[in-house]
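Peer 1: Below you'll find the structure I mean.
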Amino acid sequence: EEIPGAASPAGGTGGLPLLAGHPLPPGRGGPMSAGLEKVLQAVAGYLSGRGVPAATAWPAGPRQEREGPLVLVSLRGCRVEPSGFQNYLGESFDQEGGRWTECYGKKVRLTLGLDIYAPEKEGGDMVQSAFDALAAALLLEGPEGLDLLELSCGETARDGGSRRLRRP
């Protein structure tokens, strides 16, 4: 799902913007929303669409018990970084107006948590297979509009609260 009013970073191709809001001329105030929950939903949707079962870590309602692995997408960090001269991000084509508009704002570096959960009874092989599929989905292509800078994983351990194996 594209975030309404969002502009892709300079050189990006759209689809999953890093910043949401409206392109504004420098020095002008206006509505701006980080839209981070939509980024998490978009990443979970991207993974699910590539055969990696995924959901956001904090759903609105109770999550149903699953027999297989599940990747939970969460936000672990958010750092605002400087962009170009006077926060210039580039240009965006306005479909309604039929013209290019300049976009200003800041770049954001997100650290996402992609925790893999799998039933204990299946052992660590299911967790490893899920990580392999996750890595393939992110390293070969990745969600449009996001640049993957690093992918790492921790050790698989038993999560006592959920009776599942977990690999952060």
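Every number in this text was worked out from the coordinates using simple rules, so none of it is lab data. What you see is a predicted model, and the numbers here were worked out from it, not measured in a lab. Neighbour counts run over all protein chains shown; Cβ positions are idealised from the backbone, glycine included.
Peer 1: Kirkwood Rh, the range 108-159, all Cα pairs: how many Å? Mind dumping the intermediate values first?
Peer 2: On the way: mean 1/r = 0.0798 Å⁻¹.
Here the Kirkwood hydrodynamic radius works out to 12.5 Å.
Peer 1: List the residues, sorted by chain then number, that are 5 or more residues from Cys78 or on another chain and whose placed amide H is less than 5 Å from its amide H.
Peer 2: Amide H neighbours of Cys78: Thr111.
Peer 1: Enumerate the amide H contacts of Arg164 below 5 Å, restricted to partners 5 or more residues apart or on another chain; note that Pro and chain-start residues carry no placed amide H.
Peer 2: Asp159
Peer 1: Compare the peptides 78-84, 37-43 by average per-residue count of other Cβ atoms within 10 angstrom and give them in order, highest first. It would help to have the intermediate numbers written out before the result.
Peer 2: Values: 78-84: 11.4, 37-43: 20.1.
Ranking the peptides 78-84, 37-43 by packing returns 37-43, 78-84.
Peer 1: What residues have an amide H closer than 5 Å to that of Ser83, excluding those fewer than 5 places away on the same chain, when H is modeled at 1.01 Å from N in the peptide plane?
Peer 2: Residues meeting the criterion, in which the H sits 1.01 Å from N, are Lys107.
Peer 1: At a temperature of 20 °C and a viscosity of 1.002 mPa s, determine how fast the range 61-168 diffuses translationally according to Stokes-Einstein, using the Kirkwood radius over alpha-carbon pairs as Rh; express D in µm²/s, rounded to the nearest whole number. It would help to have the intermediate numbers written out before the result.
Peer 2: Values: Rh = 16.9 Å.
Calculated translational D: 127 µm²/s.
Peer 1: Ok, one more. Stokes-Einstein D for the range 40-89 at 10 °C, 1.306 mPa s, Kirkwood Rh over Cα pairs, in µm²/s? Could you put the intermediate results ahead of the total?
Peer 2: Working: Rh = 13.2 Å.
The Stokes-Einstein estimate is 120 µm²/s.
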